[in-house]
């Protein structure tokens, strides 16, 4: 790293002055290099040193650079150093971020226009028919002591959608070689996968799981985000080329050596696991980035079925605004992280912007490649979440409010607190079945996750 750096501060676009970190420049260059097929971190470090050198000549502690200055200089260094492809990737990424900021300023909710409109209409129509299209109507159901009935109709609707997807897969008969289950964080992919496999198994179709988590690159080769944290949310952290190669070989009837990734050491281990398909078996890939074009782009579409899961809740609040799908998933993750991962809700909500950034770049753009979209939202789950989270939210909102670097988290926390306050609480949710998708988050499931 640069030894005699005098730049200690950076001015953000908002005007906030924050500490300068060369790691962010290094990570930005490295991620751009990865996008073009390169993974030489030493070269990225040398290029970041050149950027620092120019910054020290042009700026001083009394006159710190802003973010745009640093990005402009980074572009120039990449071009002048002969790394034109990396420069292009950096410029495109920068342009995408500009568009995101502009769009964010125009509207309060990111539109999921990739989801087929007929699916949204169908879900909204069902919500109206069952009197759950507004929070006030859900509260009325609770007041009338009909919560168990709401749970039942919600679970039945979800099961119907899984059966529809499974039927579509079975209609592909012997052509079906790969099933991809994709969706953003906390959408319920795992439970959906289990339930789908149960139906296929009844029809003598067996899944063989290809766990793509084993295909992570060694941690030292991982891209980092703009804050210097290793980015596990990006598909570039996976060896996509090897995944494609192994799928091709499995379909061809060959045996492959599946790698083994150790998350404690951050490295692939030498040991591998043999995998070969028996006649009639289907490869199952359950992954955040299952629909990403580089994940299985080389596999013929006639041999694979793309299933996408999302919380497509169609319910309005007292201000006549639809509840955000991402807020529903955030609440699920807060509960699950607290119960199973020793993360308190504040930690989860502070990390959520990483998750959302990756979703918008690497998941949402590919939704329209799905063969079927399942709605995993349960109209009854928010009163349950209120019972499990409300007390925790009050404690850290003021802490976030007074931290200028955590305003995104503060706004999310405030919004979901207001959302939960608008629901009646449920103290007894024993009527939620043990095979419910919601049990994946709140506990008590008969499935092993």
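Do the conditions hold for residue 351, that is, is it under 30 Å from residue 89 (Cβ atoms) and without any contact (Cβ under 8 Å) to a residue 24 or more places away in the chain?
Here the answer is yes, as residue 351 does meet what is asked.
Here is a yes/no grid of residues against (1) outside the structural domain of residue 140 (by TED's automatic domain parsing); (2) at pLDDT below 95; (3) closer than 23 Å to residue 357 by Cβ; (4) out of contact with any helix residue (DSSP H, G or I) (no Cβ under 6 Å at 6 or more places or on another chain):
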residue: 397; (1), (2), (3), (4): no, yes, yes, no
residue: 402; (1), (2), (3), (4): no, yes, no, yes
residue: 405; (1), (2), (3), (4): no, yes, yes, yes
residue: 415; (1), (2), (3), (4): no, yes, yes, yes
residue: 448; (1), (2), (3), (4): yes, yes, no, yes
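Does any residue of the stretch 34-54 turn out to be closer than 20 Å to residue 405 by Cα and in a helix (DSSP H, G or I)?
There is no residue in the stretch 34-54 that is closer than 20 Å to residue 405 by Cα and in a helix (DSSP H, G or I).
Do we have any residue at all in the stretch 268-276 that's assigned by TED's automatic domain parsing to the domain that holds residue 247, at pLDDT below 95, assigned to a loop (DSSP other than H, G, I, E, B) and within 16 Å of the chain's Cα centre (by Cα)?
No, because not a single residue in the stretch 268-276 is assigned by TED's automatic domain parsing to the domain that holds residue 247, at pLDDT below 95, assigned to a loop (DSSP other than H, G, I, E, B) and within 16 Å of the chain's Cα centre (by Cα).
Which one of these does residue 128 not meet: (1) at pLDDT below 95; (2) touching a helix residue (DSSP H, G or I) at 6+ places or on another chain (Cβ under 8 Å)?
The number of the failed condition is (2).
Just name the residue that is nearest to the chain's Cα centre (by Cα) out of those in the stretch 44-67 that are more than 17 Å from residue 219 (Cα to Cα) and free of Cβ contacts under 8 Å to residues at least 24 places away in the same chain.
Of the residues in the stretch 44-67, the ones more than 17 Å from residue 219 (Cα to Cα) are 46-67.
Among the residues that remain, those that are also free of Cβ contacts under 8 Å to residues at least 24 places away in the same chain are: 46, 54, 57-58, 62-63.
Values: 46: 32, 54: 37, 57: 40, 58: 39, 62: 40, 63: 38 Å.
This residue is 46.
Within the stretch 342-355, count every residue that is more than 17 Å from the chain's Cα centre (by Cα) and part of a helix (DSSP H, G or I).
At the first step, the residues of the stretch 342-355 found to be more than 17 Å from the chain's Cα centre (by Cα) are 342-346.
Those left that are additionally part of a helix (DSSP H, G or I): 345-346.
Within the stretch 342-355, residues that are more than 17 Å from the chain's Cα centre (by Cα) and part of a helix (DSSP H, G or I) number 2.
What is the residue count in the stretch 356-387 for residues that are in contact with a helix residue (DSSP H, G or I) (Cβ under 8 Å, 6 or more places away or on another chain) and either closer than 14 Å to residue 419 by Cα or part of a loop (DSSP other than H, G, I, E, B) (or both)?
Number satisfying all stated conditions: 12.
So which residues in the stretch 317-339 are buried (at least 24 other Cβ atoms within 10 Å of the Cβ) and either part of a loop (DSSP other than H, G, I, E, B) or touching a strand residue (DSSP E or B) at 6+ places or on another chain (Cβ under 8 Å) (or both), if there are any at all?
Residues satisfying the conditions do not exist here.
Considering (1) closer than 26 Å to residue 61 by Cβ; (2) touching a residue at least 12 places away in the same chain (Cβ under 8 Å), say which one residue 35 fails and leave the rest.
It is condition (1) that residue 35 fails.
Can you list the helices (runs of 4 or more DSSP H) found entirely within the stretch 112-177 that contain at least 2 residues being under 25 Å from the mean Cα position of the chain (by Cα) and crowded, with 16+ Cβ neighbours inside 10 Å? Give the derivation first.
On the way: elements: 117-129, 135-143, 147-170.
By residue number, 117-129, 147-170.
Touching a residue at least 60 places away in the same chain (Cβ under 8 Å) and part of a strand (DSSP E or B), is that true of residue 282?
Against the criterion (touching a residue at least 60 places away in the same chain (Cβ under 8 Å) and part of a strand (DSSP E or B)), residue 282 qualifies.
Would you call residue 79 modelled with pLDDT under 90 and closer than 30 Å to residue 217 by Cβ? Break it down stepwise before answering.
Numbers: modelled with pLDDT under 90: yes; closer than 30 Å to residue 217 by Cβ: yes.
Here the answer is yes, as residue 79 does meet what is asked.
Let's see how each residue does on (1) modelled with pLDDT of 90 or more; (2) over 28 Å from residue 162 (Cα atoms); (3) surrounded by fewer than 19 Cβ atoms within 10 Å (Cβ to Cβ):
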position	(1), (2), (3)
209	no, no, yes
216	no, yes, no
227	no, yes, yes
235	no, no, no
247	yes, no, no
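Could you tell me which residue of the stretch 287-316 is modelled with the highest pLDDT, considering only residues that are within 18 Å of residue 242 (Cβ to Cβ) and not in a loop (DSSP other than H, G, I, E, B)?
That would be 304.
When you check residue 413 against the structure, is it farther than 30 Å from residue 172 by Cα and surrounded by 21 or more Cβ atoms within 10 Å (Cβ to Cβ), yes or no?
So residue 413 fits the description; yes.
The values are calculated or read from the model by the stated rules, or taken from the named source; none is laboratory data. Here the structure is a predicted model, which is why all the values come from computation and not from measurement. Heads up, the Cβs are rebuilt from the backbone with ideal geometry, glycines too, and the neighbour counts pull from every protein chain shown.
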